[in-house]
Structures are given as structure tokens and as C-alpha cells.
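Shown next, in C-alpha cells, is the structure this report addresses.
The values are calculated or read from the model by the stated rules, or taken from the named source; none is laboratory data. Everything numeric here is computed off the predicted structure, so don't read it as measured data. Positions of Cβ are backbone-derived with ideal geometry, glycine not excepted, and every protein chain shown enters the neighbour counts.
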Amino acid sequence: LPTTLVELRRQIVAGERTAANAIDRQVRQLALDATQWHSVVHALEPAGQPVNDEAPLGGVGLAHKDIFSSRLNIPRCGTGHQVRHPDDTESPVIQRLADQGAVSLAALSMAEFAAGVTAENPALPLTRNPLFPGAMVGGSSSGSAAAVAAGLCYASLGTDTAGSVRIPAASCGVLGLKPTAGLLSTRGCQPLAPGLDTVGVLARSARDAAQVLAAGLLPRQRDMVLPDFHLTDASLDLRTWHEVLGNDLQLPDGVRFRVCLDHCDRKFSLRADQHDVLQSGLAALANVFAVQTVSLQQRLSEWIRLAAIVMHSEAAATHYAALRAGTGLNQISRFTTLPGAAIPAAWYAQALRQAAHCQADFLTHCLGDADILLTPVFPHGVPDWDDVLTTSDTFKPVQLLGLFSWTSFVNYLGLPAIVFPVGTDPQGRPVCIQAIARPYAERVLLGLAHWFEMQHCGDAGFVGRPPALYQTIPN
Amino acid sequence: MQLLLALQGIAATQAEFAAIARTLERLVPPVHAATRENAS
């Protein structure tokens, strides 16, 4: 099978293969997971899911984080048992993807209740990084990142409350898109902190992610009118989502960038080798586009603090009954939720009240006349599993905290962000960059990822040889 | 903090109290931190 969804669809439309043949291969590939990566919690029954050559996603196998309720799956949310959604609703995003021909192959592993930044979960086998042996797999959408990197599915939906799409994607060297808050419906998705929870997309190429994002939008959203690029530009081009994502993702001339590589907390200063790789990627960008350095400093510190207050407070409210009962949460989830029960209500109210002001401040003073702010993702690179496993003798808490040091504030500001690899460090592990844009400017983010992809990788996407696509499938 | 959790019917171990205290310490609004410094 080809490495990208776009190429698979081209082959099916051209009559070079059938959707049924493609799904058959993808279903059988899942057997490779159990002995190698542990990204799959359980396979879903392909029988009864229509396979249609003509449908926009016909022949495309997807697999999602085990947090979405659908007619095929009552999720386990990283626990050992089924967890009914509080409102007993099904995810309209999963349904939209099915309506457009995608087949749901499996429910994927995750940190319990999405309350962790790595794949660590005592209820499940430890997820292994398909491309970088020994490296950790980030969370909480850990199975999504591993399955996409391995080539078990073309794309995956995850959820992102403080970085839970972007962190696993960056650890496995794939693309992770956290859209604008609310763009993809969170209905039918087990909440953690509803004010921050965002449904996002993991994929091996920007065009694949754009296809899945467009397919996941509700019909009324697809007709929504959007500004194209600069809000400050006099020649504002208004188009609908449908037109925007259906078109080529080419990044137009005149897009402006700002860059911040300095974290407000010295614990999260960029390691020299990471700095060098990012600078090299930025130099390539600066040859074509305007790139200007900006400092976030005290603002960043305040946004991170406010994001943590909202996250802990809302997570405690979500799991209040379990906190009171003293059962039903593993140690990591309990540690994430428990502080929220002790946070003063006034702090939480103040954090909510300041959110709109902070977003306006970011857009006016940090982004200014630019379209995208670029930041690192992992200040210390992708760590070894032993460095971030809380049960390891060599556990390094700062390494664990560093994983979300650049991601959590984006959810508080409600902005779209994307991560993708721009190079590899001396260990051969991916170095990813994060791009943050204005609300509903997902196209410019995908355009940037596509630009890097074409510069560094070509048509095969960010993962040139996903292992599952090149291995013999056991009978 | 222990009283607050007890009032909510949430029992925590001493190790958890210490961890919660460290988290809360990081989240203190800046103006409160300044006030606390002045007070000391």
C-alpha cells in the first residue's frame, strides 16, 4: 500500500486497486501490532462497515484513540473496563468520517482518562516507539501516534488538553494537529478538562491531515466563511472550509513568521543539539519568508500557570466521584486530578475570566503582524523511556515536565497549533517544531507543514517507510 | 488544604498532600507571591 492517504485515494480512483483490497490489507496488518508496538487496544469488526471505491475516504483505514463513543465502540479510556460517555452520545466526528467511507480499524491505547503526557499506563502493555527504539512514546494519544508512525492506519483522531495530540506525534516523528478549540466536535468524547479538550488529527502527511480534518467537520462548518491568512491584509480573501481544505496546501508568498525559542523557565532551556536542528530548519524558512524573533517570557509563564489551574480544576470536577471514592483512578490520573480539589475557586474563576484577554494579548503583541509563531516542542529532545517512566530507577521529573512545557498554554489560549519534524538530532531522533496561528487558520499551519514536508521528505510524507507497510503479514 | 479535602470527603496520603502543596505553590498568582514576600 502507498504511504499516504492521498496517494491511496488516487490509486483507487484511477482503478489501480480497489477499496476492498486496501481495507483487507489494512485489517490484516493489525496483527503486526501485538508483538511489536502495543498501540492497539482492540480491533473493531470491519464487517458491516461499507467499503466504497467512490466515497471520498473509501478504502482508507483509520484508527482512533479509545476515548470516542461510536456505534462500533464503547471506549475504555485507558482503563480495563468500558466507560459510558456521561451524556451517552456518539461522536459526530467519527460518524462523519464513516459517512465518507473511512473504515474504523481499531481502538488505540492511551494514558488513563487522557491524564498523562506519556503512554505509561499500568492497565496496558507499554507502547513502543515504531521508528525510534528506546525512545518514549508521548501521551495521552499514544496509540494514535504509534499506529500512524508504524503504518497501521493512515490517520488517527486523538484528544489534546495540554498537548496530548502534539506530544505523542512529536515523539514518533509524525504530524499532530490541534485545531482551534471546538472546530472538531468533542461530543461523544470522554472529557478530561472540557474548557481545554480539543479533538485533533495525527497523520504522516499534511495533505492527509487536511483530508481528515475536512471530512470531520460538520456540514454547516464546511460552509463557514473564513479569512485566508493575514487578518491585517487589505486584500482579505474569504473562502469556506470546503474550498480551503479541498485546494492545494501551497504556502503563499508573504506569510510572516515569528519565532520564540527561549522558555521563561530555565529548567526548559533548549538543549544545544535541539537548538541547532531548529535553527537549521528556520534558516531554510528565512530564505523564503520573513522570520522575526520575539520574546514571550512573563506572558508565557502566566499562560502556563492559568492553563494548569483550569486543567487541574476541571479534571478534578470530571473525576470528583472517583476522587471521593478513592478508587477508579491510577496513580498518574489521581496526581493530575487531585490538586484541582484544593485549588481555590477564585483562582479558577479568575483564570476563566482572563482567557479572552490573554488570547487578544497573544494575537496583538506576540503574533502582531505575523501569521504564525514558531516554538520548540521538546526542549530536551525525545527522552528515553527510562527517563520519563515514573516507576523507573532513573526517572527524571524535569524531563517529564519538559514534555508539555511548550504545549499546555496553547489550549488555554484556544488557538490552533501543529507539530511536525524538521530534522533529527545526533541520536537520530526527530526534532519537531510547533507552529501556532490565529483561530481558524488551520490552513496556514497545514500549508507550513506541507512546505517542510516537500523540502525534506517529498511525496512519501514525514515517515518514508512505515514498518507495517513493508513487513510480511502473518497468515 | 487537608481540611479542605477532608470537607469534600477526599482522603489523601501525606505524600499526596506534599505533592498537591508543591503544585499549588507553582500556581500561586504573582500578586499573592509579592504580598507573601512583603509579609515575610
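Summary of computed values
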{"read-out": "Residue match in region A:354-363 (condition: out of contact with any helix residue (DSSP H, G or I) (no Cβ under 6 Å at 6 or more places or on another chain), assigned to a helix (DSSP H, G or I) and under 22 Å from A:PRO122 (Cα atoms))", "value": "no"}
{"read-out": "Hits in region A:392-437 (condition: within 17 Å of A:SER301 (Cα to Cα), among the small types (Gly, Ala, Ser) and not in a loop (DSSP other than H, G, I, E, B))", "value": "A:GLY402, A:SER408"}
{"read-out": "Test: residue in region A:188-201 that is aliphatic (A, V, I, L, M) and within 18 Å of A:GLN100 (Cβ to Cβ)", "value": "yes"}
{"read-out": "Top-ranked residue in region A:64-82 [being assigned to a loop (DSSP other than H, G, I, E, B) and basic (Lys, Arg); ranked as nearest to the chain's Cα centre (by Cα)]", "value": "A:ARG76"}
{"read-out": "Subset tally (residues that are without any contact (Cβ under 8 Å) to a residue 24 or more places away in the chain and away from chain B (no Cβ under 14 Å)) for region A:352-379", "value": "4"}
{"read-out": "Enumeration of residues in region A:81-103 that are crowded, with 24+ Cβ neighbours inside 10 Å, more than 24 Å from A:ALA193 (Cα to Cα) and of a type in the set (Gly, Ala, Ser)", "value": "A:ALA102"}
{"read-out": "Some residue of region A:281-290 being under 24 Å from the mean Cα position of the chain (by Cα) and of a type in the set (Gly, Ala, Ser)", "value": "yes"}
{"read-out": "Test result for A:LEU282, surrounded by 14 or more Cβ atoms within 10 Å (Cβ to Cβ), of a type in the set (A, V, I, L, M), farther than 21 Å from B:GLU16 by Cα and away from chain B (no Cβ under 12 Å)", "value": "yes"}
{"read-out": "Some residue of region A:112-121 being within 15 Å of the chain's Cα centre (by Cα), outside any loop (DSSP other than H, G, I, E, B) and surrounded by 24 or more Cβ atoms within 10 Å (Cβ to Cβ)", "value": "yes"}
{"read-out": "Within region A:124-234, helices (runs of 4 or more DSSP H) holding 3 or more residues that are aliphatic (A, V, I, L, M) and farther than 16 Å from A:ALA435 by Cβ", "value": "A:142-150, A:206-216"}
{"read-out": "Residue under evaluation A:VAL6, criteria (1) modelled with pLDDT under 95; (2) within 30 Å of A:GLU120 (Cα to Cα); (3) in a helix (DSSP H, G or I), criterion not met", "value": "(2)"}
{"read-out": "Subset of region A:317-351 [more than 8 Å from chain B (Cβ to nearest Cβ), crowded, with 23+ Cβ neighbours inside 10 Å and in a helix (DSSP H, G or I)]", "value": "A:SER333, A:THR336, A:THR337, A:GLY340, A:ALA351"}
{"read-out": "Any hit, region A:49-63, residues being buried (at least 24 other Cβ atoms within 10 Å of the Cβ), at pLDDT 95 or above and under 17 Å from the mean Cα position of the chain (by Cα)", "value": "yes"}
{"read-out": "Some residue of region B:6-23 being at pLDDT below 90, in a helix (DSSP H, G or I) and of a type outside the set (A, V, I, L, M, F, W, C)", "value": "no"}
{"read-out": "Tabulated pairs, region B:6-21, first facing chain A (nearest Cβ under 9 Å), second surrounded by 14 or more Cβ atoms within 10 Å (Cβ to Cβ) and basic (Lys, Arg), C-beta under 7 angstrom, 6+ apart or interchain", "value": "B:GLN8/A:ARG324; B:GLY9/A:ARG324; B:ILE10/A:ARG324"}
